[in-house]
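Data first, discussion second: the structure below is written as structure tokens.
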Amino acid sequence: MEMKKLLNDSKKVATQYTTWVTFVGLLLLLSILTNGQALRWSSIRNLLIAESVRSFAALGVGMIIITKGIDLSIGYVVCLTASVAASFAQNPDYSSAIYAGQSFPLIVPIIAAVAAGGLFGLFNGYLIAYGKLPPFIATLGSMSIAKGLQLIYTRAAVVGSLNQNFKNISQGSVGPVPNLIIYVAIVAFIVWVLLKHTRQGTHFYAIGGNAQAARVSGINVERDLMMVYFYAGLLYGTAGTLLASRLGLANSLTANGMELDAIAAVTVGGVSQNGGVGRVSGMMVGVFTMGLINYGMSFLGVDSYYQQLVKGFIIIVAVYFDMKKYARRA
Amino acid sequence: MDTTFALEMEGITKTFPGVKALDEVTLRVKPGTVHALMGENGAGKSTLMKCLFGIYQEDKGIIKLNGKEHRFKDSHDALNQGVSMIHQELSNVPERSVAENLYLGREPLNKFGLIDHKKMNVDTSTLLKDLEINVKPQVRIGSLSISMQQTCEIAKAVSYNASVVVMDEPTSSLTDNEVQHLFKIINQLRDQNVAVIYISHKMEEIFAIADEVSVMRDGQMIGTYDVAEMTNEKLISLMVGRDATLRFPEFKSNVGEVLLKVENLSSPNPRSFQDVCFEVHRGEILGIGGLVGAQRTELMEAIFGVRATSTGKIYVDNDEILNMTPRKAIDHGIGMITEDRRGSGIFPLMNISSNTSIASLKEYLNKLHLLKHKEMKEESVRYNKALRTKTPTMETLIQNLSGGNQQKVIISRWLMTLPDILIMDEPTRGIDVGAKYEIYQIMGQLVEQGKAIIMVSSEMPELIGMSHRVMVLCSGKCTGVLDKSECTQENIMRLATKFM
Ligand SMILES: Nc1ncnc2c1ncn2[C@@H]1O[C@H](COP(=O)(O)OP(=O)(O)OP(=O)(O)O)[C@@H](O)[C@H]1O
Ligand SMILES: [Mg+2]
């Protein structure tokens, strides 16, 4: 009897806090398997750094999924913005630089990349909100456009030899805390405020939950939808800048597949594909859960083919619990 | 006992997190009778029926059909055992045709194992003809009016040839004529020895059609009575557990200057409303009457900016408003409680407090333009308290409330926007008698404060009891405006059927 109640209670907790339970469970598992080796600060620090860029993409697409949309263009948009950022940060004496012989102030690559991301967001948003294209199709198209633009802009070459100041943006640290982690914290905070404490954020949930009801509640559905893709675009631009800065280069393989990683992460983080549900904390935990899986398996020396397999299963299990939680029974 | 019951439900108990929805409920229904199930919003009627229909699994209790015990693991199982149900909320697939919806889950197959569309359409056509329902099997069900969709749901429930048919508020979106039509169908079922369980908040209907009535209160069964020995007052007091209240409250309002004026408003669709003119004054309740298809909802949606108009003008407080949108309408002090609760009312995965405050966020911003969550929640609580929304907590998701309580949350939402002009499209749909009175009282208070209300209603007593004037539409055209003194059922019906 006691046992049954205990089981029931823990089942309740598991469905209520799937995201956190998965994360903590994996963390414990990993520390047991490695005798605590994997949980040293230096390792955790590496994990955080590795996942930081992905967090921006995840926050962006997380907001989009809350409005019941999707974005497949993330990977190539981040690739494009990374290339744009890199092109304005090359050493002027590098002979194959895109703008050889010219040097730009540090702010230029940042602004250019964020603007490029924002423009892409507006483009996606316009197609979806006003053009009434299904998000899947609109962003499938813009994914290809972004890829094409990146190849044309870079002439399919590596954009390398970046100046040290630009690299310092992401490679530096404040005391023991790496810059990247500070950026993630700041941006996550901003997105949290947006979603939780502004009208527009509340509208995103409403639109995802019931677009028609949102409309008759006086919400400008089109404008808000456009804005959500715009905000996401800005985040992708930020991700691109930081990625170029961290890697010290950009090429056509940069951020490859990031859309799938980001979508998987927020889904594991409890953002429902049915729209109207999701939190920033969940998205972040989702990102780090996925990171932990990658990192843990590498640490344990699991073959990378098997890593893919395990990752797939974990996504499915996490989403399974989530769907149960929100399933309409009537 | 010599009679076997068509259905016996004994000691049914069902708990949801935070609520005991059913507490040892027993219900026995005889074959060939219409058994009404009554009770306040949230009393547990729908939950009991969902246990019967295999949508919920009861925690405890026995279900017997014709004396034989059954346990339904899902709705499919229930249908196979001869139980069919019309759900309180529309449950069709709007993008598919009428025939496809009727045969959903039991599509006839041809010899290749593919769906036999021809047979499906022919069968549907025959069924609809038998029931005298005038609609083509091939049309997309989502393109039909809500009442026609509901009529199709009724046809669907009948088509299973079940021995127990459950109807959960089947008439909440039907007008009088269609209700009569439904009663004809129910009488046929009764003659075929079917047991019909009939849930409704409309007293007239219970006395018109039911043989027996069972009353529930707070998840418990109060008792089963013969309708012939029942009176209106007795039934209400059984339901609410105290003495019955008046039907309509008294309110004294001064009808003042014109607040909303609509001139020659026409829809781009020639079959919808055309050339409609009317005025609403401060302190006035304008009722809008008419049959289904009279385009009342369409007209209201156009005024609120949800639907396009081709010609005509809308003035609020003497200012003409061009290119109306819901946002503009709200900014000009108009609020609208829409007819289709599920389609354009609730945000199913948001909690009660967010569902209440969603249309008034603008009023709850601090200096930094961030939302004042605490105040917003307090106001939401206040409105829902006033309407006595029955919920475990304010954090409960609205989809877990009973239908009537969802409606109360939507009404709270619009009261919270402090509208000057409130459009209420079927405001008391699915609301129990006690709560109806409370809503009427609130309507009275609003007009006493000099606000204006436009109320679309298919319930004659409500239309006559609450309105200062009633405008009647027929086939999209205004056929007359009746003053309080001329407001009788006959006059309204005469105008509502002018072009028929
Ligand atoms: N899926 C659910 N999860 C949690 N609580 C629920 C759920 N379904 C119903 N309830 C609760 O059970 C109680 C009974 O609800 P039910 O829908 O049976 O009421 P009802 O008598 O049909 O009311 P109405 O006249 O408003 O339709 C309510 O308090 C409701 O909040
Ligand atoms: Mg109900």
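Observations
- Potential lengthening between B:ASN366 and B:CYS277 on full extension [0.36 nm per residue; Cα-Cα distance subtracted]: 27.9 nm
- A:TRP41 accessible area, assembled protein chains, probe 1.4 Å, Å²: 130
- Rounded to the nearest whole Hz, the Karplus-based 3J(HN,Hα) values (6.51 cos²θ - 1.76 cosθ + 1.60, θ = phi - 60°) of the range B:332-342 follow the sequence 8, x, 9, x, 9, 8, 7, 6, 9, 4, 6, with x at glycine and proline.
- Using C-alpha pairs under 8 Å with a sequence gap of at least 6, the mean separation divided by the residue count of chain B gives a relative contact order of 16 percent.
- Net charge in the neighbourhood of B:ASP319 (other residues with Cβ under 12 Å of its Cβ; Lys, Arg +1, Asp, Glu -1) is 0.
- Prolate/oblate/rounded label for chain A (Cα gyration tensor, a/c 1.5): oblate
- Rounded, prolate or oblate (a/c below 1.5 giving rounded, otherwise prolate when a/b exceeds b/c) for the protein assembly as shown by Cα gyration tensor: prolate
- 3J(HN,Hα) along the range B:108-125: x, 10, 8, 6, 8, x, 9, 5, 8, 4, 5, 4, 4, 5, 5, 4, 4, 4 Hz, from the Karplus curve 6.51 cos²θ - 1.76 cosθ + 1.60 with θ = phi - 60°, whole Hz, x for Gly and Pro.
- Put the Cα centre of the range A:184-207 next to the Cα centre of the range B:186-251 and the gap is 48 Å.
- Under 5 Å, built H, 5+ apart or other chain: amide partners of B:LEU7: B:VAL29, B:ASN66
- Rounded to the nearest 20 debye, dipole of the protein assembly as shown from Cβ charges on Lys, Arg, Asp, Glu: 2300
- Between A:PHE189 and A:ASP93, the contour length at 0.36 nm per residue exceeds the alpha carbon distance by 30.6 nm.
- Sites B:ASP226 and B:ARG494, calculated FRET efficiency, Cβ-Cβ separation with R0 45 Å, nearest 0.05: 0.80
- Residue-normalised accessible area of the protein assembly as shown, expressed per residue, 1.4 Å probe, Å²: 43
- Estimated purely from DSSP H runs of n ≥ 4, each contributing -39500 (n - 2.57), the mean residue ellipticity at 222 nm for chain A is -24500 deg cm²/dmol once divided by its residues.
- Area of B:LYS372 that stays accessible when all protein chains are in place (1.4 Å probe, Å², to 10): 60
- Estimated FRET transfer efficiency (B:LYS484, B:ARG217; beta-carbon r; R0 22 Å; 0.05): 0.05
- The order of B:HIS201, B:HIS369 by accessible area, most exposed first and with a 1.4 Å probe, is B:HIS369, B:HIS201.
- Sequence-distant residues sharing a close amide H with A:TYR17 (under 5 Å, placed H): none
- Note on chain A: dipole from Cβ charges, positive end direction compared against A:GLY60, A:LEU26, A:TYR99; the farthest Cα belongs to A:LEU26.
- Model label points for B:PHE248 and A:THR34, set 7 angstrom from Cα along the Cα-to-Cβ axis, are 7.6 nm apart.
- Among A:TYR76, A:TYR229, A:TYR306, residue whose mean-square fluctuation peaks in a GNM of chain A (springs only between Cα atoms under 10 Å): A:TYR306
- The range B:358-471 shape via C-alpha gyration tensor axes, a/c threshold 1.5: oblate
- Buried surface between chains A and B: roughly 2400 Å² of accessible area, summed over both sides, computed with a 1.4 Å probe on protein heavy atoms only.
- Rounded to the nearest whole Hz, the Karplus-based 3J(HN,Hα) values (6.51 cos²θ - 1.76 cosθ + 1.60, θ = phi - 60°) of the range A:143-148 follow the sequence 4, 5, 4, 4, 4, x, with x at glycine and proline.
- Summary value for the range B:7-240: 30 percent relative contact order, contacts being C-alpha pairs under 8 angstrom separated by 6+ residues.
- Computed helical MRE - 222 nm, chain B, DSSP H runs ≥ 4 contributing -39500 (n - 2.57), nearest 500: -9500 deg cm²/dmol
- Distant-in-sequence amide H partners of B:PHE16 (H built 1.01 Å from N, under 5 Å): B:ALA21
- Relative contact order for chain A, counting Cα pairs under 8 Å that sit 6 or more residues apart, in percent: 32
- Where labels lie 7 Å past Cα in the beta-carbon direction, separation of B:ASP77 and B:LYS129 in nm: 3.9
- GNM flexibility winner over chain A from A:LYS147, A:LYS196, A:LYS68 (Cα, springs under 10 Å): A:LYS196
- The accessible-area ordering, largest first, of the residues B:ARG271, A:ARG40, B:ARG242, B:ARG429 stands as B:ARG271, A:ARG40, B:ARG242, B:ARG429, per a 1.4 angstrom probe.
- Beta bridges by DSSP in the protein assembly as shown, antiparallel share as percent, to the nearest 5: 60
- Taking each residue as 0.36 nm, the span from B:GLU257 to B:THR4 lengthens on full extension beyond its C-alpha to C-alpha distance by 84.6 nm.
- 14 Å cut-off, amide nitrogen to a point 7 angstrom out along B:THR393 Cα→Cβ, residues in the range B:354-383: B:354
- Accessible carbon and sulfur surface of the protein assembly as shown relative to its total accessible area, %, 1.4 Å: 56
The values are calculated or read from the model by the stated rules, or taken from the named source; none is laboratory data. Just so it is clear, the structure is predicted and the values come from calculations on it, not from any experiment. Cβ atoms come from the backbone with ideal geometry, glycine included; neighbour counts cover every protein chain shown. We work out accessible area using only protein heavy atoms, side chains counted, and drop any ligands, DNA or RNA first. Shrake-Rupley method; radii C 1.70, N 1.55, O 1.52, S 1.80 Å.
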